[in-house]
Amino acid sequence: MTLAKEIKPKKCKAPGCGKPFKPTMTTQKVCSIACALAMSKDSKVQKIAAKAITKQARQDLQERREKLKTRREHMAEAQTAFNAYIRERDAGLPCISCDSLPSDHDLITGSRWDAGHYRSVGACPELRFEPLNVHRQCVKCNRNLSGNAVEYRIRLVKRIGAEAVEFLEGPHKPQRLTIEDLQAIKALYRQKLKDLRRAAA
């Protein structure tokens, strides 16, 4: 009994591709349907195929970049998505620590509003992405007054209730978020932000 000869990898012959691929048959010259269309003599078909190849190349590049990201970078992206959602969720509400509104004073440091943590990430990293723990806060209170914690707590009790605040102040299990966890958090809060904006439109 003779074993089937293994087909060696090839380079795609389609113009603009050249990606290595493993053919399913010895006569196969291209890596995908899009590349097969690019080999067509029909100019319209070639244009459509070229766009498809370019799109695929961009997707491949994005995937490679995603794989090279460190956990720190994934954490930063998840935090950015979460913070944007918090600011949008609390749009129209005053600062959680001083009741100021945008018209009350000129905030020139960074964004006009921060997503300020009641229990800081350093003190309680387990609540980094807990929406009850984070509220829209003016730059002055969050950055210049280190969170303005006493005033934050007074207004937080009024906003979410004493029981919820006691939950935040209680013990929390340590957690180690994986890259997959952080990717899921980023996707979740990007979608939540879109939903909020869609509902407000």
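Descriptive notes on the structure:
- Residue list for the stretch 14-24, restricted to those being more than 15 Å from LYS51 (Cα to Cα), under 36 Å from the mean Cα position of the chain (by Cα) and in contact (Cβ under 8 Å) with a residue 12 or more places away in the chain: LYS19, PHE21, LYS22, PRO23
- Residue selection: ALA14 satisfies the criterion of being aliphatic (A, V, I, L, M) and at pLDDT 70 or above.
- Output for the stretch 136-187, where each listed residue is in contact with a Leu (Cβ under 9 Å, 6 or more places away or on another chain) and within 19 Å of MET75 (Cα to Cα): ILE185
The values are calculated or read from the model by the stated rules, or taken from the named source; none is laboratory data. Note that the structure is a prediction, hence the values are computed from the model and not measured. Positions of Cβ are generated from backbone atoms using ideal geometry, with glycine treated the same way; all protein chains shown enter the neighbour counts.
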